[in-house]
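For reference, the structure is listed below as structure tokens.
The values are calculated or read from the model by the stated rules, or taken from the named source; none is laboratory data. Keep in mind it's a predicted model, so treat the numbers as computed, not measured. Cβ: placed from backbone, ideal geometry, glycine included. Neighbour counts: every protein chain shown.
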Amino acid sequence: MGNGKSSQHGHHSIWDQNRRGFLRQLCAGALAAGLPMAAQRAEAAEANGGPPALPPITGPVPQVTIAGQKIERMIIGSNPLGGWSHQIRNMTLAMLDYFNTETITSFLRQCERSGLNLFLTPFNDRPLNALKTIWAEGSKMRIYFLGELDRDGKLSKDIMAYKPVWHVHHGGVTDSLFRAGQQEKVHTFVKKVHDELGIPAGVSAHNPDCIKYIEDKGWEVDFYQCCFYYLTRPKQEIRAKLGSAPLGEPFLDTDRNDMSKVIKQVSKPCLAFKILAAGWLCETDDAVEEAFRFAFNGIKKTDAVIIGMYPKFKDEITQNVRLTQRYGALA
């Protein structure tokens, strides 16, 4: 029978041969159908050790207009690029290892080829250098940043060198300031973005009560960025609710229902994020599809979603864009 090692090696060899055969068939079929780009993408993905690329996107991505910008209903998220996995430390390190400047550059190129043109980016070197590269190539990718006031209550103007379409108050900071009774600092941020930067201002939050408060007070916010999961909920609040608390962040399945109700009630446009629960709803393709279906049913037709992607193991970009086309199409 041979030892386990040789048997395992043989199994992998057969799998690899079948995989290469599938790719050759895909490439041949694409060429016969007049789709050489699909063949090239599949071959390039295989050569680089990455997942096979799916056939390219056809047709437009549904659009809405938010704060004066016509955008696709799917915005490119940034958490995986910065290693914010919301899972175990090894996943964080794996994301940081994968997303170097070259990989981010390729990732953004594929996003744009797939019809995505707005990127929520962290203000650090790797994504910004990648953006400079694709802009030099003629890319039309647009960006915006999360931010907050500094210790002196001032707003950084460094971001304006990158011509962001909006500036949004960071969600975790929003939740903390509201909990401390310092919500007016968030309001001041909004006013300073308008007055000093001259661009639209949004507020992000994980706690739906923050969004309700701002809406009730009539702040001059242009839009909201709403997390489907109240990840910043204090442990003592979780224990009071459930009798105990999880070891990690609380992804409670009812949270997305609570935020969805708020999104539908407020008059301002909303950007829903973490619709895939930071990967916890990505166990199967069916689970991903159900999350997209729920998300687009749970927001207004004037709203959009933000999706972070980690396309090391499969072509998540194409998969997610197709699901946005399917469930985010406007009648």
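Cβ separations smaller than 6 Å between residues 6+ apart or across chains give the following pairs from the stretch 260-277 residues that are in the same structural domain as Val203 (by TED's automatic domain parsing) and farther than 17 Å from Glu290 by Cβ to residues that are β-branched (Val, Ile, Thr) and crowded, with 20+ Cβ neighbours inside 10 Å: Val262/Ile211; Ile263/Ile299; Pro269/Ile66; Cys270/Ile263; Leu271/Ile306; Phe273/Ile306.
Residue check: Trp135 meets all listed conditions (1) touching a residue at least 24 places away in the same chain (Cβ under 8 Å); (2) aromatic (Phe, Trp, Tyr); (3) out of contact with any His (no Cβ under 8 Å at 6 or more places or on another chain) but one, namely (1).
If you filter the stretch 216-235 down to residues that are of a type in the set (Phe, Trp, Tyr) and under 18 Å from the mean Cα position of the chain (by Cα), you find that the one that is farthest from Ile75 (Cα to Cα) is Tyr230. Does the stretch 243-256 contain any residue that is within 17 Å of Ile299 (Cα to Cα) and surrounded by 16 or more Cβ atoms within 10 Å (Cβ to Cβ)? Yes, the conditions are met somewhere in the stretch 243-256. Within the span defined as the stretch 288-299, one or more residues are in contact with a helix residue (DSSP H, G or I) (Cβ under 6 Å, 6 or more places away or on another chain), β-branched (Val, Ile, Thr) and crowded, with 22+ Cβ neighbours inside 10 Å.
Condition test on Glu184, is it farther than 23 Å from Cys270 by Cα and surrounded by fewer than 14 Cβ atoms within 10 Å (Cβ to Cβ)? Taking the combined requirement at face value, the residue does not satisfy it.
Of all residues in the stretch 121-140, those that are out of contact with any strand residue (DSSP E or B) (no Cβ under 6 Å at 6 or more places or on another chain) and within 18 Å of Arg73 (Cα to Cα) total 1.
Exactly one residue out of Gly115, Gly147, Gly77 is on the phi > 0 side of the Ramachandran plot and in contact (Cβ under 8 Å) with a residue 12 or more places away in the chain, and it is Gly115.
Per-residue answers, yes or no, for (1) assigned to a loop (DSSP other than H, G, I, E, B); (2) more than 24 Å from Ala277 (Cβ to Cβ); (3) modelled with pLDDT of 90 or more:
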{"site": "Leu81", "(1), (2), (3)": "no, no, no"}
{"site": "Trp84", "(1), (2), (3)": "yes, no, no"}
{"site": "Met91", "(1), (2), (3)": "no, no, no"}
{"site": "Met95", "(1), (2), (3)": "no, no, no"}
{"site": "Glu102", "(1), (2), (3)": "no, yes, yes"}
{"site": "Ser106", "(1), (2), (3)": "no, yes, yes"}
{"site": "Glu112", "(1), (2), (3)": "no, yes, yes"}
{"site": "Gly115", "(1), (2), (3)": "yes, yes, yes"}
{"site": "Phe119", "(1), (2), (3)": "no, no, yes"}
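Applying the criterion of being basic (Lys, Arg) and in contact (Cβ under 8 Å) with a residue 40 or more places away in the chain to the residues of the stretch 278-331, the residue that is nearest to Val64 (Cα to Cα) is Lys301. Name every residue in the stretch 89-132 that is basic (Lys, Arg) and over 19 Å from Lys314 (Cβ atoms), in order of residue number. Selection gives Arg89, Arg126, Lys132.
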